[in-house]
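Structure, as structure tokens:
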Amino acid sequence: MIPTDAPTPRPRRTALLALVPVAVLAVLVAVLVGTARTDASSASSASSASSASSGAATAGARTPTLPISAAPAFTLADVRDPARTVAFDGHPTRPTVINFFGAWCPPCRAEMPLLAEAARTHTGIDFIGVDVQDVRSDALALIQQSGMGYAAGADPDRDVVRGYRLRGFPTTVFVAPGGRVAATHGGQLFKSDLGRLLDELEAA
């Protein structure tokens, strides 16, 4: 028997109710921590995507070039035979296409057979290749595989690239007779693009 003068025990329900605020606080802390981790992960993913996009702009993406009105002259060592030179005097008497490429550039490799074919079929237009900062053996292999029949000069230090104010590769410059730059195409050329640009160049 419990003595009548013994203190009455407090109900367990009161103790449980006292724990409720603590439990709620713990849940809120867990939610806030989880949200912070999610935000950090999202920011990291966005940063990675931005970096990948920036890298793609160097080779293949449609990147703008700084406008030039006249095509600068240049003389380069011939990729096929370094003892010879490939020259562009800046004042061509015929329409001229100058393609800046590198064997290290996948879109350059992809468009090369198209340019090689265009040079064979558009006999009224001169084509010149500028091989940018490349390994000569790799460039020679690309020239052979693509069927390129026109001259290509090596630009190992990007001197010509700077003269033409290029920002990405491949880039193709379409020069009208006399040296005026009729158009500049940054990024990989596709058949429809090239056909239109060659037609416009011939009409310039």
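The values are calculated or read from the model by the stated rules, or taken from the named source; none is laboratory data. If you're wondering where the values come from, they're calculated on a predicted model, not measured in any experiment. Backbone-built Cβ (ideal geometry, glycine too); neighbour counts: all protein chains shown.
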Is there any pair linking a residue in the range 122-139 that is under 21 Å from Glu200 (Cβ atoms) and in contact (Cβ under 8 Å) with a residue 60 or more places away in the chain to one that is among the basic types (Lys, Arg) and surrounded by fewer than 19 Cβ atoms within 10 Å (Cβ to Cβ), with Cβ under 7 Å and at least six apart or on different chains, and which? Gly124/Arg94; Ile125/Arg94
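How about the range 181-194: which of its residues are under 20 Å from Thr123 (Cα atoms) and surrounded by fewer than 21 Cβ atoms within 10 Å (Cβ to Cβ)?
Val181, Ala182, Ala183, Phe190, Lys191, Ser192, Asp193, Leu194
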For the range 162-176, which residues satisfy the criterion of being surrounded by fewer than 18 Cβ atoms within 10 Å (Cβ to Cβ) and either in contact with a Gly (Cβ under 6 Å, 6 or more places away or on another chain) or not in a loop (DSSP other than H, G, I, E, B) (or both)? Arg162, Gly163
If you check Arg84, Arg180, Arg167, which single one turns out to be touching a strand residue (DSSP E or B) at 6+ places or on another chain (Cβ under 9 Å) and at pLDDT below 95? Arg167
